[in-house]
Amino acid sequence: MINFQELADQYQTPLYVYDFDYMTEQYEALKSAFKARKSIMAYAVKSNSNLSTIAHFAKMGAGADCVSIGEVRRALLAGVKPYKIIFSGVGKSDAEIKEAIESDILYINVESAAELDRVEMIAQDLGKVSRISVRVNPNIDPKTHPYISTGLHGNKFGVDLNTAKRLYLKANNSEHLDPVGIHFHIGSQLTELDPIREASEIVADLVRSLQVFNLELKFFDVGGGLGIRYDDEKTIEPHDYAQAILGTLSGLDLTIICEPGRFLTANAGYFVSKVLYEKKNDEKRFVIIDGAMNDLLRPSLYSAYHEIMTLKEGATTKADIVGPVCESGDFFAKDYELPELNHNDLVIVKSAGAYGFGMGSNYNTRGRSCEIAVQAGESRIIRARETFEDLVALEKEYLRA
Ligand code: LLP
């Protein structure tokens, strides 16, 4: 059990705490669910891009799913092998494509016909061959929050089946492109199996139809998206998830690539803050804490539910848990049952390990929190708290008297 009070005393608040042992367990559960085939767990760096987190998974053999060249650089810096790195995203710049090819990563995941042309041109300029996959948009409703749903034709991601086929045939005839993989990712925080199975079936059929043209793909990249329990969601077991996918691949000799983010990191993370004040009016009780929407945006942005924990016991009443930022949208929870709290009591926001710190900002000139890893009973800093000097460093030299 993590001793939050001790960590708060030692490192101050607000503070992100990550349980690296929990991350290990989640990684192993998912990896072993796919053991019937060769597989690479390409950790979705965006979910928690701290170098130590990436390195933790890399040490267990993980690859990395990246969506900017910055993430590719992070992955390399953290020790991920280039041949396990995938670079996705609808808007890669020329400079990013060039660097990805030069870094000799596993493949660039192409998301449009225009992008395929650019990758070919850039590879030609470099005198190289670029390994690619095509992101297929299977037009399947993943039944998740609209902001994190990606596999419908109304979403900007990937290309439709006919376009994908055309791109593969083109790539197969190019001296500078080597089509090695196929990719789909229908959304995040998935809690239903049917959409995953359906998408997998559609994409597996496309792989079969390409074999007719002597095009043998090697990697079947199923994206990420496996949901976790924030509240009382019924989640998918790794075994059932793997079986739903593997069941669609009969007769195909493919290495599975999986891009888990949230499943590995969300419930490993806690956002720890302190009570500054309480105040009440005739309608509401507000608990004002030292963390804010700039630290954890999910409640404000998606109305996301995060369980809140305190170290106090006793009778509870409803309260809004809010931060110091000057926005009414700056809240962690509304009408949440909390015991009576005093100045400096801890308020701990759970399931904060994915899309927490990384979506943070410096809004209201607030420095980002410190990040701590807990592993085998020991804690260590993995990112220092940002200081005011850090925040103004890139502006100060331009300041005119
Ligand atoms: N692969 C691709 C191509 C993705 O777009 C994503 C997430 C993942 C893998 C990892 O998905 P995961 O396993 O973590 O569900 N900020 C939102 C989530 C955005 C997800 C974006 N893509 C949130 O806080 O819920």
If a residue must be without any contact (Cβ under 8 Å) to a residue 24 or more places away in the chain and over 13 Å from Leu206 (Cβ atoms), how many such residues does the range 126-151 contain? 2
The helices (runs of 4 or more DSSP H) lying entirely within the range 1-77 that contain at least 3 residues which are within 16 Å of the ligand (Cβ to nearest atom), over 30 Å from Ile289 (Cα atoms) and in contact with a Leu (Cβ under 9 Å, 6 or more places away or on another chain) are 20-33
Give me the pairs, please: first residue somewhere in the range 224-236 and in contact (Cβ under 8 Å) with a residue 24 or more places away in the chain, second residue anywhere and charged (D, E, K, R) and within 12 Å of the ligand (Cβ to nearest atom), beta-carbon distance under 6 Å, and either six or more positions apart or on two chains. Gly224/Glu259; Ile228/Arg262
Matching residues in the range 349-396 (on the phi > 0 side of the Ramachandran plot and under 18 Å from the mean Cα position of the chain (by Cα)) number 2
Can you tell me which residue is farthest from Gly223 (Cα to Cα) among those in the range 19-76 that are touching a strand residue (DSSP E or B) at 6+ places or on another chain (Cβ under 8 Å) and among the polar types (S, T, N, Q)? Ser52
Condition broken by Ser303, with the remaining ones in (1) more than 28 Å from Ala29 (Cβ to Cβ); (2) in contact with an Asp or Glu (Cβ under 8 Å, 6 or more places away or on another chain); (3) within 14 Å of the ligand (Cβ to nearest atom) satisfied: (2)
Only residues that are among the charged types (D, E, K, R), closer than 16 Å to Arg131 by Cβ and surrounded by 19 or more Cβ atoms within 10 Å (Cβ to Cβ): list them for the range 72-83, please. none
Go through (1) out of contact with any helix residue (DSSP H, G or I) (no Cβ under 7 Å at 6 or more places or on another chain); (2) crowded, with 18+ Cβ neighbours inside 10 Å; (3) under 30 Å from Gly377 (Cβ atoms) and name the single condition Ile86 misses. (3)
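Can you name every one of the strands (runs of 3 or more DSSP E) wholly within the range 213-321 that holds 2 or more residues which are under 26 Å from Thr53 (Cα atoms)?
Numbers: elements: 219-221, 255-258, 269-280, 285-289, 308-310.
Result: 219-221, 255-258, 269-280, 308-310.
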Matching option when the condition is touching a Leu at 6+ places or on another chain (Cβ under 8 Å) and of a type in the set (Lys, Arg), among Arg229, Arg262: Arg262
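Readers should treat all values here as calculations from the given coordinates under stated rules, not as data from a laboratory. From a predicted model like this one, the values you see are computed outputs, not experimental measurements. FYI the Cβ positions are ideal-geometry reconstructions off the backbone, even for glycines, and counts take in every protein chain you see.
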